[in-house]
Amino acid sequence: MQLTESHKQYWQKNLRMTALLLAIWFVVTFVVGYAARDLNFTFFGWPFSFWVGAQGALVVYVLIIAYYAHYMNNLDKEYDCAEVEEE
């Protein structure tokens, strides 16, 4: 199957967004989590390192998922490949 230029643009945008969101995931999971041990200040009444591990990272993960779903719905509509809901 030969991909059209439209398909190539669609996948290029999809892969670019996926790479960006994975980079954000990596930073939140490893970089901030590792560096948080050295940050000694209180955040929302808890030590920052505890808050990042217990709450902050999870909030970011949910936001990543929500943004990706929203972005892909818009991208599907833009390239006319959105799923049609049947009633």
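The values are calculated or read from the model by the stated rules, or taken from the named source; none is laboratory data. Treat the numbers as computed from the prediction; the structure is a model and nothing was measured. Ideal geometry is used to build each Cβ from the backbone, glycine not excepted, and the neighbour counts take in all protein chains shown.
Numbers at a glance
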{"quantity": "Every residue from the stretch 43-52 that is hydrophobic (A, V, I, L, M, F, W, C) and exposed (fewer than 12 other Cβ atoms within 10 Å of the Cβ)", "calculated": "PHE44"}
{"quantity": "Residue within the stretch 44-56 that is at pLDDT 85 or above and out of contact with any Asp or Glu (no Cβ under 6 Å at 6 or more places or on another chain) present", "calculated": "no"}
{"quantity": "Residues of the stretch 53-87 satisfying the condition of being under 20 Å from ILE24 (Cα atoms) and either free of Cβ contacts under 8 Å to residues at least 24 places away in the same chain or in contact with a His (Cβ under 9 Å, 6 or more places away or on another chain) (or both)", "calculated": "GLY53, ALA54, GLN55, LEU58, VAL59, VAL62, LEU63, ILE65, ALA66, ALA69, HIS70"}
{"quantity": "Failed item, numbered, when MET1 is tested on (1) loosely packed, with under 13 Cβ neighbours inside 10 Å; (2) at pLDDT 90 or above", "calculated": "(2)"}
{"quantity": "Enumeration of residues in the stretch 4-37 that are in contact with a helix residue (DSSP H, G or I) (Cβ under 8 Å, 6 or more places away or on another chain) and loosely packed, with under 13 Cβ neighbours inside 10 Å", "calculated": "ARG37"}
{"quantity": "Of residues in the stretch 53-87 being among the small types (Gly, Ala, Ser) and surrounded by 13 or more Cβ atoms within 10 Å (Cβ to Cβ), the one nearest to the chain's Cα centre (by Cα)", "calculated": "ALA57"}
